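Asker: Sending over a structure as structure tokens; questions will come in a sec.
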């Protein structure tokens, strides 16, 4: 029974994809939406069943469908596992995924390809479940590539706009860079361990198998290979979870419909890198030098993305750079070895970031597609539910007590302080910036007077219930989610103990911890206060693009990273491609025209033989008969 339920959890979204992609048009716009929602809701219900079961038994469920590969001493099973980590991930993947599907029923109702949209959403959830449930790295890689494919399909869903197609291709190609490194890391681990099964590798590590490396000259290189493998896995995580230098695809992913942004940024694709590092924590613990790289990259990413978010005027772009920054904080925690803390922030971030993206979609829906905050304002008067839920989530991401973001972000900063005061300072500065740009968004969007057109003002209204219901649920979760892991009394740390190689450090509330909490709170209030003074008290509005100058212009153009990539990568590739194109065109043209000339020449000579002379034809006939007889006498007579 448990095996069947596990397969139901996995395959129901895939069944929803198949039905919608082939028969969705016949179901109608509403029918296809509810079918897709029911598919993911079923997976959530099964996940909840297993989650409650493992709370009592604490025993992981293994589902082995048979042997997949067998090469010499290397075998891989096509198997899945439901343990504490995978079930926790599945809870918010399927739970928040269900809310996003409900939201999409109304948001995408009038789209002509709504059946394809829900089919792609279901397929996205299916691949994310595959990634999380897999019991080995190859199954994870199937899901890893699958969510990459679905991100391409969903980001470029409105394919009639070339800009959106370019964003989809950018996401796909940039992820391929990270995926190549990820695949190399898998190959190296397969060579070293002769397996890619999580439980088998863990047993080998616990039995001291790695301490035996170095008995032969070849094995002396194994520690270097192992460190390289873990670094490659992290590069793969940088691609999926948008860390420096592979982060520029994520803001452009805003080209997709808003529910896609919420799904990618909150619960699925971008969390894959954190999941992978946490799943392999017993291996990363053996490479402290790689963990240090992870911490440094995460801290710098959080600061760079937060700085860019300070001056963006597209409401979804602000939230996109916020996601990159928050992911950086999660990797900072991972690099400090605080895996449980990173997971804690993944969960709280899923709550408030999904709410923020869906809230921005509610605003865009009310303004008929407008995304520039300079053309908004005053919406709190007519969109009270959207405003209230957006405000709660903004307070949560800013780290205001007692909302969920306060507890998870505070844990990250505490872990960073005990690891490196420099990294703590970088993370703290990024957090202050977060509070500023989030309330810059709030004040520009919801306060003062409306700055849009009269037609937009005339049609302003609160969004329908199918849109506001998920907002309310997510806002409540953003308020109370911090209870999962309170300092000194962390349910989450205790729950994750079976899947962690080393127990988490519990941050007891001593004088230093209270000081750090106070500094973080004061920093957040300062950021909010500056935003209030500029955009609410003074009523400032960001200038037009042509009027932006100085450091603001550098930040507005995202440190010109995209332009740099275009100059050193894209244009040289186009140049080389142009050379090969010209050479190919010359070669192909020469071959085609050459063959044409030869055929024409042979035809001209052949026409001379067709001269109407019967004597010439008889001569050819006689010569042919003589040739046949000559062949018979000379060769066959032997």
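The values are calculated or read from the model by the stated rules, or taken from the named source; none is laboratory data. Keep in mind that this is a model prediction, so the values were computed, not measured. Cβ sites come from the backbone with ideal geometry, for glycine too, and all protein chains shown count toward neighbours.
Asker: Sort through 350, 342, 306, 320 and tell me the only one that's within 30 Å of residue 207 (Cβ to Cβ), modelled with pLDDT of 95 or more and buried (at least 22 other Cβ atoms within 10 Å of the Cβ).
Answerer: Details: 350 fails: within 30 Å of residue 207 (Cβ to Cβ); 306 fails: within 30 Å of residue 207 (Cβ to Cβ); 320 fails: within 30 Å of residue 207 (Cβ to Cβ).
Criteria check complete, one pass: 342.
Asker: Are any of the residues in region 122-140 surrounded by fewer than 21 Cβ atoms within 10 Å (Cβ to Cβ), touching a helix residue (DSSP H, G or I) at 6+ places or on another chain (Cβ under 9 Å) and closer than 25 Å to residue 273 by Cβ?
Answerer: Of region 122-140, the ones surrounded by fewer than 21 Cβ atoms within 10 Å (Cβ to Cβ) are 138.
Keeping just the survivors that are touching a helix residue (DSSP H, G or I) at 6+ places or on another chain (Cβ under 9 Å) gives 138.
Among the residues that remain, those that are also closer than 25 Å to residue 273 by Cβ are: 138.
Yes: one or more hits.
Asker: Right, residue 60: in contact with a helix residue (DSSP H, G or I) (Cβ under 6 Å, 6 or more places away or on another chain) and surrounded by fewer than 23 Cβ atoms within 10 Å (Cβ to Cβ) or not?
Answerer: Values: in contact with a helix residue (DSSP H, G or I) (Cβ under 6 Å, 6 or more places away or on another chain): no; surrounded by fewer than 23 Cβ atoms within 10 Å (Cβ to Cβ): yes.
Criteria not met by residue 60.
Asker: Restricting attention to region 79-89, does a residue exist that is touching a strand residue (DSSP E or B) at 6+ places or on another chain (Cβ under 7 Å), farther than 22 Å from residue 150 by Cβ and in a helix (DSSP H, G or I)? Show your work before the answer.
Answerer: Here is the first cut: in region 79-89, the ones touching a strand residue (DSSP E or B) at 6+ places or on another chain (Cβ under 7 Å) are 79-82.
Next, only the ones that are farther than 22 Å from residue 150 by Cβ stay: 79, 81-82.
Applying the additional criterion that residues be in a helix (DSSP H, G or I) yields none.
No, because not a single residue in region 79-89 is touching a strand residue (DSSP E or B) at 6+ places or on another chain (Cβ under 7 Å), farther than 22 Å from residue 150 by Cβ and in a helix (DSSP H, G or I).
Asker: Mind listing whichever residues of region 11-40 are closer than 21 Å to residue 93 by Cβ and crowded, with 21+ Cβ neighbours inside 10 Å?
Answerer: 12, 13, 16, 17, 20, 33, 35, 36, 37, 39, 40, listed by residue number.
Asker: Would you pick out the residues in region 270-296 that are without any contact (Cβ under 8 Å) to a residue 60 or more places away in the chain and within 14 Å of residue 242 (Cα to Cα)? Give the derivation first.
Answerer: Here is the first cut: in region 270-296, the ones without any contact (Cβ under 8 Å) to a residue 60 or more places away in the chain are 270, 273, 284, 288, 291-292.
Of everything in region 270-296, those that are without any contact (Cβ under 8 Å) to a residue 60 or more places away in the chain and within 14 Å of residue 242 (Cα to Cα) turn out to be 270, 273.
Asker: Same structure, new question: Are there any pairs, at least 6 apart or on different chains, whose C-beta atoms fall under 6 Å, with the first in region 198-217 and touching a residue at least 60 places away in the same chain (Cβ under 8 Å) and the second buried (at least 16 other Cβ atoms within 10 Å of the Cβ), and if so, which?
Answerer: The qualifying pairs are 201/193; 202/282; 205/282.
Asker: Next question, about the same structure. Among the residues that make up region 47-58, is at least one of them under 22 Å from residue 79 (Cα atoms) and not in a helix (DSSP H, G or I)?
Answerer: Looking for residues that are under 22 Å from residue 79 (Cα atoms) and not in a helix (DSSP H, G or I), one finds at least one in region 47-58, hence yes.
Asker: For region 495-518, what are the residues that are assigned to a helix (DSSP H, G or I), at pLDDT 90 or above and surrounded by 15 or more Cβ atoms within 10 Å (Cβ to Cβ)?
Answerer: 495, 496, 499, 516, 517
Asker: Condition check: closer than 19 Å to residue 341 by Cβ, crowded, with 21+ Cβ neighbours inside 10 Å and within 21 Å of the chain's Cα centre (by Cα). Does residue 261 satisfy that? Talk me through it step by step, then tell me what you get.
Answerer: Values: closer than 19 Å to residue 341 by Cβ: no; crowded, with 21+ Cβ neighbours inside 10 Å: yes; within 21 Å of the chain's Cα centre (by Cα): yes.
Against the criterion (closer than 19 Å to residue 341 by Cβ, crowded, with 21+ Cβ neighbours inside 10 Å and within 21 Å of the chain's Cα centre (by Cα)), residue 261 does not qualify.
Asker: Please state which of the following conditions residue 553 fails to meet, knowing it meets all the rest: (1) assigned to a helix (DSSP H, G or I); (2) closer than 30 Å to residue 450 by Cβ; (3) touching a helix residue (DSSP H, G or I) at 6+ places or on another chain (Cβ under 8 Å).
Answerer: Tallying (1) assigned to a helix (DSSP H, G or I); (2) closer than 30 Å to residue 450 by Cβ; (3) touching a helix residue (DSSP H, G or I) at 6+ places or on another chain (Cβ under 8 Å), residue 553 fails exactly one: (3).
Asker: Could you say whether any residue in region 95-111 is surrounded by fewer than 24 Cβ atoms within 10 Å (Cβ to Cβ), out of contact with any helix residue (DSSP H, G or I) (no Cβ under 7 Å at 6 or more places or on another chain) and assigned to a helix (DSSP H, G or I)?
Answerer: no
Asker: Name, by its number, the condition in (1) surrounded by 10 or more Cβ atoms within 10 Å (Cβ to Cβ); (2) modelled with pLDDT under 85 that does not hold for residue 552.
Answerer: (2)
Asker: Now a separate question. Using the structure shown, decide if residue 525 is assigned by TED's automatic domain parsing to the domain that holds residue 358, surrounded by fewer than 18 Cβ atoms within 10 Å (Cβ to Cβ), more than 30 Å from residue 280 (Cα to Cα) and touching a residue at least 12 places away in the same chain (Cβ under 8 Å). I'd like the intermediate steps shown before the answer.
Answerer: On the way: assigned by TED's automatic domain parsing to the domain that holds residue 358: yes; surrounded by fewer than 18 Cβ atoms within 10 Å (Cβ to Cβ): yes; more than 30 Å from residue 280 (Cα to Cα): yes; touching a residue at least 12 places away in the same chain (Cβ under 8 Å): yes.
It is true that residue 525 is assigned by TED's automatic domain parsing to the domain that holds residue 358, surrounded by fewer than 18 Cβ atoms within 10 Å (Cβ to Cβ), more than 30 Å from residue 280 (Cα to Cα) and touching a residue at least 12 places away in the same chain (Cβ under 8 Å).
Asker: Only one of 415, 360, 393 is closer than 18 Å to residue 92 by Cβ, touching a helix residue (DSSP H, G or I) at 6+ places or on another chain (Cβ under 8 Å) and not in a loop (DSSP other than H, G, I, E, B). Can you tell me which? Full working, then the answer.
Answerer: Details: 415 fails: closer than 18 Å to residue 92 by Cβ; 360 fails: closer than 18 Å to residue 92 by Cβ.
It is 393.
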